[in-house]
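Read the structure below first, then the notes.
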């Protein structure tokens, strides 16, 4: 509200432009908050779907007492299905192309944080495993 004094010293009340903007500002903030909430919800849902897909791709989505860790040669040289049939237990094959020793250690640590029932870790070792 703005007070205006005219020449006759009569006081009159005139609405200011600020009072008209408040509903628009409130509407904008409400829409912005709703937009951010929708974005966060979509981000959470998409993240959950992608995480599940990655775990299925690497074969680490279920509990497995046997874990195979390595790189592309482990992918080609070890058949998880034959191991599962021979051992009678599920086998997780967690392999990434070009993984060195540090990568494999991180993969083992990552798997063990989510699956505590691992009894055997099959670790692929070769001459190129320990490069920088």
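Each value in this text was obtained by applying a stated rule to the coordinates, not by laboratory testing. Just so it is clear, the structure is predicted and the values come from calculations on it, not from any experiment. Here Cβ is always computed from backbone atoms with ideal geometry, including for glycine, and neighbour counts include all displayed protein chains.
Assorted remarks:
- Sorted peptide list for 51-58, 39-46, criterion being average Cβ within 10 angstrom, highest first: 51-58, 39-46
- Length gained on full extension, residue 97 to residue 61, computed as 0.36 nm times the residue gap minus the Cα-Cα distance: 11.0 nm.
- Geometric descriptor of region 60-130, per residue, is 79 Å³ (volume of the convex hull of the Cα atoms).
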